[in-house]
1. Mean-square fluctuation check for the chain, GNM, Cα pairs under 10 Å: which of Asp385, Asp212, Asp311 is largest?
2. Name the longest site-free stretch of the chain, where the excluded sites are GluC sites (Glu not before Pro) in a DSSP loop with no more than 15 other beta-carbon atoms within 10 Å.
3. If you build a Gaussian network model of the chain, linking Cα atoms that sit under 10 Å apart, which residue out of His220, His95, His197 swings the most?
4. Assign unit charges at the C-beta atoms only (+1 for Lys and Arg, -1 for Asp and Glu), then state the dipole size of the range 333-423 relative to its Cα centre in Debye, rounded to the nearest 20.
5. If each DSSP helix of 4+ residues adds -39,500 (n - 2.57) and the sum is divided by the residues in the chain, what number results at 222 nm, nearest 500 deg cm²/dmol?
6. Can you send over the solvent-accessible area of Tyr58, 1.4 Å probe, protein chains only, in Å² to the nearest 10?
7. For the range 18-129, what class follows from the C-alpha gyration tensor (a ≥ b ≥ c being the square roots of its eigenvalues): rounded when a/c is under 1.5, otherwise prolate if a/b is larger than b/c, else oblate?
8. Note down the relative contact order for the chain as a percent, whole number, built from C-alpha pairs under 8 angstrom at least six residues apart.
Amino acid sequence: MLHKLIFQLGERFRNPSIRKWFAFLKQSENWSIKELEAYQLKQLKSLVSFAKAHSDYYKEKFAAIDPASFSSLADIAQLPILSKEDVLLHTEKIHTKHNFKKVFKATTSGSSGDPLVYEREESADSFNRASIFRGYSWHNVQAHERNGYFWGFDFSTSKQFKVKLLDALQNRFRVFDYKENAFKKFVKKLQRARYIHGYSSMIYQSAKLINDQKLPKPKHIKMVKGTSEKIYDSYKEEIKKAFGVPIISEYGAAETGIIAFECAEGNMHINMEGVIVEEIDNQIVVTNLQMKTFPIIRYQLGDYIELASKDIKCSCGKAHYILKEVTGRIGENVYGKKEIYPSLYFYYIFKNLANKHNIKLTYQIIQKEKGILIFNLEENLNTKDEQKLRQEIHSYFANDIAYSICPNVQKNAGKQKNKSFISYL
Ligand SMILES: [Zn+2]
């Protein structure tokens, strides 16, 4: 009761429009696809004309474009694509000159080099939080319920104190280091938790600890949500076994807002009231329909995705389109002796292995030299399974790449995002 009160007071102070947005989203979740798309078109037109009027960057880019003439969502194709480089290079120019009542400074760590720092208005920030809370509601979770949180560990003692205080206000607790004792204490606290969220690799580690050491299983978990990292097939069984519910995923980025949230039927519904998602050459292109301070329009986020067919209807009843899978990060090429390959190949290799042979592996591939790869696996492999893996690798890279397979490698989760491919080239 008290936690709920504290949570709501904090929320009302920071995000006064969140309740309005939540009510809106709970209503629009029953809309037909026609209604959803009509809303998207209306938002798109107003976003494009606002950006054109108030941002120096878009004034130039959209000079020849008349959003009032847009008659369907397909007209979005008239707009140029926005790359990550564009956003970093023109951050200042992209910001709109308009007097927003309240803005938050947002920072996202770029995967390489400079962070992106930009402003997000209260309305867009609240919309995004409300979108997350709507996702929670699909699993009967309310944000103020007791929750365990897995995130990075790089806290000094004084910072730990501050983090703990802020966590307490949100009825939240987390692990502070990666030693087994810290994890065990955390697992004990999970007995009283209703949901768990954070890096999926860390959720997996704690599930493994519970299962391997036969620790008492938390009995009241309603939702386990993985963010920011790939959820490997090998994680899923372990997590379900430890917590009694499957791990679900939330997909999004700070600058785009929530892109998709998994429903109780296991489908990732696109947050259509907040974003337009296009799939171009297997890549995701996102338009953030709510943020006006820093318009993100047709943005190449840098992930490979696969959208489900638009005919597929989810039995949960929501009409929102479905994101079938986030297949991998873009940008890191794999260098053979002669050819260059997309890192997406690793996804296929391990997906095939799981689908054809039911071999589920947790992997990290490292490249330090051209033509050579190291496959680090968390699991042990018998000779037969290793042979299967070698066959799959060969079918994608033939003899252009030499490689070694290292089983039983523990990744250092929590240190950084757990990437499936690391290239030093
Ligand atoms: Zn659904």
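The values are calculated or read from the model by the stated rules, or taken from the named source; none is laboratory data. In this text, all values refer to a predicted model and were calculated from it rather than measured experimentally. Cβ sites come from the backbone with ideal geometry, for glycine too, and all protein chains shown count toward neighbours. Quick note on the areas: whole protein, heavy atoms, side chains included, nothing else; ligands and nucleic acids left out. Shrake-Rupley method; radii C 1.70, N 1.55, O 1.52, S 1.80 Å.
1. Taking springs between Cα atoms under 10 Å, the residue moving most is Asp311.
2. 1-264
3. Among His220, His95, His197, the largest GNM mean-square fluctuation belongs to His220.
4. It works out to roughly 200 debye.
5. -11000 deg cm²/dmol
6. 10
7. oblate
8. 14 percent.
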